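Accompanying notes for the structure given below.
The values are calculated or read from the model by the stated rules, or taken from the named source; none is laboratory data. Not measured: the values here are computed from a predicted model. Glycine gets a Cβ as well: all are built from the backbone with ideal geometry, and neighbour counts include every protein chain shown.
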């Protein structure tokens, strides 16, 4: 295990000199609307898909055309670059299409849909031709929207219909429902914080309230695929006062999304991703009380979000996920159930 974030103050001077602290927020366009945006990306599609198992991933030039009926920038075309990213979903043996990074130069972004977003994550179906995998994308998008209700520090997401075209005409166009997700750098800018990649964090290093919300969130959605120590599906931020905050992302391995390819770590002793396991800090019932109150307070907004229709999302699948999520509320209302499920099932120092 590497050095704990408590020692990160040693590096703060370096961060200040490198200009990573206190960067000004940009005037972003993309996330001002929740109406899905239509995007066409023309690039060397065959080579991007073929190269993704490489350890030295290349950026590929692309032309991006969009129509944004929900924003002020109606249509346009601009040069961008694309690159494969991720871990499990990037590997060819797991997915036929990788998740991507999308970036553009400042001069190209000004006055466009990407103004204020130098780099974005593109979350695309793992198998574009399988309808079930499209459903996973829509459910994961809803998980990001739900997370945003509960946590002030979060990644903003925007649904998109994306058509990928091969500039060499060797691959047929692929049209999918995807979503665009802001990177940790943009989250840091938005909240006047610093994004860090220092591993080795223990629970005691974080703001207790923020950590409690993360831990209960992961338990709620049936996600055991996270670690603050390894920064696995967790990002680390530091505010100007020196307080550390975890932010969760990547929810496709949760029981809520219930993806076909997801499975729990055998070492955890659970057989299904829909078998909840609390992997967060040890707290007393009194210490958990503010977090439980916060979740209960946000329930009407969460219920409203899940009651709204999402174009393309199968109603039965949405209802199944909502029923799974609704299993939390009786646990929060029953001190004995909560004690068994969360208070007594915990990690003493970290995970």
* **Criterion (surrounded by 17 or more Cβ atoms within 10 Å (Cβ to Cβ) and either over 23 Å from residue 332 (Cα atoms) or outside the structural domain of residue 338 (by TED's automatic domain parsing) (or both)) met by exactly one of 240, 235, 218** => 235
* To do: Working carefully through the options 112, 163, find the one that is at pLDDT 95 or above and not assigned by TED's automatic domain parsing to the domain that holds residue 338.
  => 163
* To do: Give me a count of the residues in the stretch 243-269 that are surrounded by fewer than 17 Cβ atoms within 10 Å (Cβ to Cβ) and part of a loop (DSSP other than H, G, I, E, B).
  => 6
* Flag for residue 94 being modelled with pLDDT of 50 or more and under 22 Å from the mean Cα position of the chain (by Cα) -> yes
